[in-house]
1. For the range A:9-31, which residues satisfy the criterion of being crowded, with 18+ Cβ neighbours inside 10 Å and more than 7 Å from chain B (Cβ to nearest Cβ)?
2. Does the range A:117-141 hold any residues that are at the interface with another protein chain (Cβ under 8 Å from one of its Cβ atoms) and touching a residue at least 24 places away in the same chain (Cβ under 8 Å), and which are they?
3. Name the one entry in B:45, B:64, B:28 that is part of a helix (DSSP H, G or I), surrounded by fewer than 19 Cβ atoms within 10 Å (Cβ to Cβ), modelled with pLDDT of 85 or more and facing chain A (nearest Cβ under 7 Å).
4. Just the residues that are facing chain A (nearest Cβ under 7 Å) and under 16 Å from residue A:28 (Cα atoms), please, taken from the range B:51-61.
5. Among what's in the range A:33-45 and is more than 10 Å from chain B (Cβ to nearest Cβ) and not acidic (Asp, Glu), pick the residue that is surrounded by the most Cβ atoms within 10 Å (Cβ to Cβ).
6. Can you tell me which condition residue B:164 does not meet? The list is (1) at pLDDT below 85; (2) out of contact with any helix residue (DSSP H, G or I) (no Cβ under 7 Å at 6 or more places or on another chain), and all the others hold.
7. Identify the single condition in (1) more than 21 Å from residue A:103 (Cα to Cα); (2) modelled with pLDDT under 85; (3) not polar (S, T, N, Q) that residue A:76 does not satisfy, given that it satisfies every other one.
8. Specify which of the listed residues (A:47, A:25) is over 27 Å from residue B:232 (Cβ atoms) and outside the structural domain of residue A:128 (by TED's automatic domain parsing).
Amino acid sequence: MQAQLTALLPALRRFAWSLTQSVHDADDLLQATVERLLSKGVPENVDLSRWAFTVCRNLWIDEYRARKIRKTVDVDPEVFESGQVDGEREVHGKLQLNQVMTAMKNLPEDQHAVLSMVAIQGLSYKDVAAELEIPVGTVMSRLSRARCKLAELLAAG
Amino acid sequence: MMQINDEILSAMLDGELDAEQIQEVNHAMVADPKLAARFAELAAANASFVQSAKMIDEAPMPDAVTRLLESAEQDSNVADLQAFRQLRKPTHNASNKPALRWAALAASLALAVGLAGGNLLGTGSSSHALSPAVADALNSVSSGEQVEIGSTESMLAGFSFVDTDERFCRQFSVNSQDGSSNQIACRDGEDWEQVAVIRSTEQLSESYQPASANNQALDGVLDTIMVGAPLSLEEEARWLD
């Protein structure tokens with residue numbers, strides 16, 4: 001499981017970032033997810049990668065949302081101003097990051113989660129519907145509203 | 001005809017529409033530039049979100065997470081070893097373990113001789129010392145590397161693993177003008193014990209091929225003595241240090 005989990009880390013980390021909008025919170029969430037997976041294991045007949053994302057999202061809902069960490073959005077200047085992202089790309093990247101982070105924190109949480117599950121985790125509408133136990137139509141409408149709001153906020157920003 | 005709204009455009013982005021619906025949306029966008037502009041707007045917002053998430057790749061993976069996985073892997077090896085020993089206890093004890101090991105080797109080697117036309121030399125129930133040059137190479141060469149041993153031989157390190165006696169072991173092959181050998185050796189203190197060797201008059205290929213007939217013969221030995229998966233290069237480096 002360790003090897004599979006190691007291979008999964010970058011994707012899982014992007015997903016954690018998409019939920020938390022902060023590198024530090026994403027890394028904390030990633031660590032908590034890995035700890036949970038290692039200590040509790042994976043249920044029988046469940047795909048590890050699928051389960052890892054579910055654990056990550058549930059942890060975010062249970063703990064991070066409760067602590068409202070995502071309200072303290074920051075651009076993690078020590079990461080993005082330390083030369084790890086350079087030149088024009090840094091400027092563009094920071095602008096984009098700022099805009100997306102600001103926009104995302106204004107999204108209702110149910111829309112935010114669905115957008116992350118489809119756009120970052122890569123789940124189909126049907127899979128999201130099954131995972132969240134909601135109709136496919138609800139997935140479609142939440143996703144659409146999330147993108148519309150995001151487009152509106154990015155245009156305004 | 002379906003009503004093309006933001007939900008449909010969003011579903012189009014996610015590849016959730018069927019071929020007929022895609023065609024319908026495409027026709028509608030050609031006819032209505034506002035619809036096309038709306039689709040582009042949603043696509044751009046989505047792309048910004050996806051791209052932003054990818055930016056986290058620029059920041060190094062936190063040490064705490066990688067350490068967590070590394071230590072879990074070590075724990076897992078220990079757990080495997082303990083579980084393996086527990087399973088063995090009722091029927092095998094330390095004194096008959098070599099017999100088990102060599103019985104498996106004999107069975108698998110018989111297969112190899114038949115399949116590969118090689119012949120078995122230098123195996124038995126007692127340990128065999130390796131030449132100092134090979135032992136030196138085993139103490140220093142990383143898996144996947146090939147080194148010259150003297151002027152006529154070369155050694156290719158296959159992979160490393162930990163055996164049931166918690167020893168550092170290595171699979172490797174030695175090639176010379178006279179032929180080749182596929183071997184397993186384990187480090188006992190400062191010395192290397194040759195655990196298995198299959199010789200062949202054929203030259204081995206440059207890379208280790210687990211599925212080849214010669215190497216199948218070692219699988220029985222590996223099944224008996226190997227604990228967990230082969231070591232990663234990082235884990236191997238720690239043993240080599």
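The values are calculated or read from the model by the stated rules, or taken from the named source; none is laboratory data. The shown structure was predicted, so the numbers you read here are calculated from the model rather than taken from an experiment. Cβ placement follows ideal geometry from the backbone for every residue including glycine, while neighbour counts extend to all protein chains displayed.
1. Matches in the range A:9-31: A:12, A:15, A:16, A:19, A:20, A:21, A:22, A:25, A:28, A:29.
2. Of everything in the range A:117-141, those that are at the interface with another protein chain (Cβ under 8 Å from one of its Cβ atoms) and touching a residue at least 24 places away in the same chain (Cβ under 8 Å) turn out to be A:118, A:119, A:120.
3. B:64
4. Hits for the range B:51-61 are B:53, B:56, B:57, B:59, B:61.
5. In this case the residue turns out to be A:42.
6. (2)
7. (1)
8. Unique residue meeting the criteria: A:25.
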